[in-house]
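Data first, discussion second: the structure below is written as structure tokens.
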Amino acid sequence: MNPTSFICERSAEYILVPQVIEALRNKFRYVVPIYPWISREGGNTSKLVNGSYSFKVLGLYPRRPKLLPNDERIIVKFSEQIIYGAKASQKLGIPIIAGCPLAKSFWELSECEDFLWADLAEFNTDDINYWAMINAQGVIAEEPEGYFFNDIGRVSEIIDRSDTHFDISTFIDAIKEIKMSSRGGGSLYYNVFYGWI
């Protein structure tokens, strides 16, 4: 039996986004979570009201905790779309992370304080469809060095690796390029991005 999850990526995102925002507010005055929809965030009105600003961008891929019956482990998959999307993002100067709430039910999710964070700059094409196996104590079996971190405060260091600043037009152009590079197996995976000014 293949592992499956009790939530979708969007539900995981609802838990992850506040964690990332809180960590970033320790360093940046403005932190704005953005789901880049080309005709809204990239539309004429957005360009009119945001066109004079410059900002850095961090990408986040939400991951869902996958479970097997009668197994205490949580399994997190890193698919082709995520690896290719992360590589395209990095080439454009956008650092990208993945996050997964380590919960096994809605009740655990409501009080979740344990997360798996991944620095996707460490992954390569050999890691396509990598499965992180996390035991009940939160330990990853055969953890590759440097891939994962527990302290969300590290996200500021990840952002500092890039000196790239965007305006709304260059940001939307980057999103289009990343979405094209993220295609894998005929599907398209959409990202969540955080911009700050």
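Here, each number is a calculation from the coordinates, and none is a lab measurement. If you're wondering where the values come from, they're calculated on a predicted model, not measured in any experiment. FYI the Cβ positions are ideal-geometry reconstructions off the backbone, even for glycines, and counts take in every protein chain you see.
Scanning region 12-21 for residues that are touching a residue at least 60 places away in the same chain (Cβ under 8 Å) and either surrounded by fewer than 18 Cβ atoms within 10 Å (Cβ to Cβ) or not acidic (Asp, Glu) (or both) gives Ala12, Ile15, Leu16, Val17, Gln19, Val20, Ile21. Restricting attention to region 141-164, the residues that are within 19 Å of the chain's Cα centre (by Cα), of a type outside the set (Asp, Glu) and outside any helix (DSSP H, G or I) add up to 9.
Of the residues making up region 105-119, those that are closer than 18 Å to Glu13 by Cβ and without any contact (Cβ under 8 Å) to a residue 60 or more places away in the chain are Glu108, Ser110, Glu111, Glu113, Asp114, Leu116, Trp117, Ala118. Of the strands (runs of 3 or more DSSP E) lying entirely inside region 31-91, those containing at least 2 residues that are in contact (Cβ under 8 Å) with a residue 12 or more places away in the chain and touching a Cys at 6+ places or on another chain (Cβ under 9 Å) span 74-78.
Selection within region 60-93: residues that are buried (at least 24 other Cβ atoms within 10 Å of the Cβ) and farther than 20 Å from Glu142 by Cα. The member of this set that is nearest to the chain's Cα centre (by Cα) is Tyr61.
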